[in-house]
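Asker: Once you've had a glance at the structure underneath, I'll fire off some questions.
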């Protein structure tokens, strides 16, 4: 199958991907209706790929590989999301083989949302690998995986053909979270990521900040902005912190509520805002947009893209109405007084990160009780060694290379009353002027033998 998405990015053409979430069930009418609509959207030529989510928000659903394979049989070019939350490394490897056999090339490798519900209770999460390690595995498969056979013989597999990408969250509002998202993105690129799709967010300046930081730090892969067509219902869920990594402030929620009171329930306003977000993303220099939150209807997609084209010449005019960061949000760059976006001046008080009281942790003894050999499996520049902080115990997702994207204002996605262990690490290292060392951490997966 021709890979219109990858070819578009490689040529520098502004690409559009369209999100689908197949949800729970195998042959539900809603899944078939969605599939029919996705085929129509693809055949319209308006989008370059259809993304297939992998049980977002930790809720059970149809495997992305199965749904993507069904779409591929109908000629649809997909981007399948693959997350680490439910599968150990062997299951992830097996899933990648299934993708390859199904002819699915575009893979978005992510850590994933912590499981929230499941059959007869909440399941035990895996997080055996993180997104960086999953990208490393995918890259090795692309090169032809080399391994020792059962009798010690050297074996090598046929190369796979993945065009693998990753996620990044530009909408972080503390220094620690912002800089660690940047450093984690760099590690993902070093692990083989060819493109990145941004998390949902509604601040044009923050979005541009991550793009500039990436370029200034030698990250030259295409970055794709996320344009979620937001209305009050989902906006309220985001506002209440129930969708990891997504932020909606009080002001924006008030706007959404007023829009919802209109005759069409806020549909026209949400579509218009999405079109302006696309124009802004293109004006800022993003390689494309990931379009989500709308029905799989070619007429709706065409309407948004046509409005966006009409807004391209005046995109900077819409920036003031798409700036919903907290008032005290950390910004790496100074503000351009003319555009309301970033200037290339870095404020003198850039390193003004407040030093919080570090959350008491369980420490090495608890980590050793879980895995006796853990002390032999950490590098000298790890936060285990430099800060005596042990993610294998104190991070619900066991993130050992950098934090996930789900934290909010420095607090954990899973246990919001707890400070993110990586924010504590940044604070401790910052006091010693060593916070940059986080960018160099490269921990392999733990060996559980």
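Asker: Given 201, 245, 192, 241, which one is touching a residue at least 40 places away in the same chain (Cβ under 8 Å), farther than 21 Å from residue 290 by Cα and either within 17 Å of the chain's Cα centre (by Cα) or surrounded by 18 or more Cβ atoms within 10 Å (Cβ to Cβ) (or both)?
Answerer: Details: 201 fails: farther than 21 Å from residue 290 by Cα; 245 fails: farther than 21 Å from residue 290 by Cα; 192 fails: farther than 21 Å from residue 290 by Cα.
That would be 241, the only listed residue that is touching a residue at least 40 places away in the same chain (Cβ under 8 Å), farther than 21 Å from residue 290 by Cα and either within 17 Å of the chain's Cα centre (by Cα) or surrounded by 18 or more Cβ atoms within 10 Å (Cβ to Cβ) (or both).
Asker: In region 98-130, which residue that is touching a residue at least 60 places away in the same chain (Cβ under 8 Å) and part of a helix (DSSP H, G or I) is surrounded by the fewest Cβ atoms within 10 Å (Cβ to Cβ)?
Answerer: That would be 100.
Asker: Pick from 265, 241: which is in the same structural domain as residue 37 (by TED's automatic domain parsing), in a loop (DSSP other than H, G, I, E, B) and under 26 Å from residue 407 (Cα atoms)?
Answerer: Selected residue: 241, the only one of 265, 241 that is in the same structural domain as residue 37 (by TED's automatic domain parsing), in a loop (DSSP other than H, G, I, E, B) and under 26 Å from residue 407 (Cα atoms).
Asker: Give 372, 445, 391 a once-over and let me know the one that is more than 30 Å from residue 285 (Cα to Cα), surrounded by fewer than 13 Cβ atoms within 10 Å (Cβ to Cβ) and at pLDDT 90 or above. It would help to see each step written out before you state the result.
Answerer: On the way: 445 fails: surrounded by fewer than 13 Cβ atoms within 10 Å (Cβ to Cβ); 391 fails: surrounded by fewer than 13 Cβ atoms within 10 Å (Cβ to Cβ).
Within the list 372, 445, 391, the selection yields 372.
Asker: Residue check: is residue 82 within 17 Å of the chain's Cα centre (by Cα), in the same structural domain as residue 22 (by TED's automatic domain parsing) and either without any contact (Cβ under 8 Å) to a residue 12 or more places away in the chain or part of a helix (DSSP H, G or I) (or both)? I'd like the intermediate steps shown before the answer.
Answerer: Working: within 17 Å of the chain's Cα centre (by Cα): yes; in the same structural domain as residue 22 (by TED's automatic domain parsing): yes; either without any contact (Cβ under 8 Å) to a residue 12 or more places away in the chain or part of a helix (DSSP H, G or I) (or both): no.
Spelling it out, it is not the case that residue 82 is within 17 Å of the chain's Cα centre (by Cα), in the same structural domain as residue 22 (by TED's automatic domain parsing) and either without any contact (Cβ under 8 Å) to a residue 12 or more places away in the chain or part of a helix (DSSP H, G or I) (or both).
Asker: Next question. Identify, from the list 313, 386, 352, the residue that is at pLDDT below 95 and farther than 24 Å from residue 408 by Cβ. Lay out the reasoning, then the answer.
Answerer: On the way: 313 fails: at pLDDT below 95; 352 fails: farther than 24 Å from residue 408 by Cβ.
The unique qualifying residue is 386.
Asker: Something else now. Looking at region 284-310, which of its residues are assigned to a helix (DSSP H, G or I) and either modelled with pLDDT under 95 or buried (at least 20 other Cβ atoms within 10 Å of the Cβ) (or both)? Explain how you work it out, then say what you get.
Answerer: Applying the first criterion (assigned to a helix (DSSP H, G or I)) to region 284-310 yields 284, 298-310.
Passing the criteria: 284, 301, 304, 308.
Asker: Of all residues in region 381-431, how many are touching a helix residue (DSSP H, G or I) at 6+ places or on another chain (Cβ under 7 Å), within 22 Å of residue 128 (Cα to Cα) and in a helix (DSSP H, G or I)?
Answerer: Residues that pass the stated criteria total 9.
Asker: Let me ask another. Give the residue that is surrounded by the most Cβ atoms within 10 Å (Cβ to Cβ), with candidates limited to residues of region 81-97 that are in contact with a strand residue (DSSP E or B) (Cβ under 8 Å, 6 or more places away or on another chain) and closer than 19 Å to residue 123 by Cα. Walk me through how you get there before you give the answer.
Answerer: Here is the first cut: in region 81-97, the ones in contact with a strand residue (DSSP E or B) (Cβ under 8 Å, 6 or more places away or on another chain) are 81-84, 92, 95-96.
Still in the running and closer than 19 Å to residue 123 by Cα: 82-84, 92.
Numbers: 82: 25, 83: 24, 84: 27, 92: 22.
Only one residue tops the list, namely 84.
Asker: What's the number of the condition residue 46 fails, among (1) modelled with pLDDT under 95; (2) in contact with a helix residue (DSSP H, G or I) (Cβ under 8 Å, 6 or more places away or on another chain); (3) assigned to a loop (DSSP other than H, G, I, E, B)?
Answerer: For residue 46, the failing item is (1).
Asker: For the subset of region 400-439 comprising residues that are closer than 15 Å to residue 184 by Cα and without any contact (Cβ under 8 Å) to a residue 60 or more places away in the chain, which member is surrounded by the most Cβ atoms within 10 Å (Cβ to Cβ)?
Answerer: 425
Asker: Does residue 264 meet the test of being modelled with pLDDT of 95 or more, surrounded by fewer than 14 Cβ atoms within 10 Å (Cβ to Cβ) and over 17 Å from residue 322 (Cα atoms)?
Answerer: Values: modelled with pLDDT of 95 or more: yes; surrounded by fewer than 14 Cβ atoms within 10 Å (Cβ to Cβ): yes; over 17 Å from residue 322 (Cα atoms): yes.
Yes: the conditions hold for residue 264.
Asker: Here is a further query. Identify the single condition in (1) closer than 23 Å to residue 423 by Cα; (2) touching a strand residue (DSSP E or B) at 6+ places or on another chain (Cβ under 8 Å); (3) surrounded by 18 or more Cβ atoms within 10 Å (Cβ to Cβ) that residue 183 does not satisfy, given that it satisfies every other one.
Answerer: That leaves (2) as the condition not met.
The values are calculated or read from the model by the stated rules, or taken from the named source; none is laboratory data. If you're wondering where the values come from, they're calculated on a predicted model, not measured in any experiment. Note that we place each Cβ from the backbone using ideal geometry, even for glycine, and neighbour counts take in every protein chain shown.
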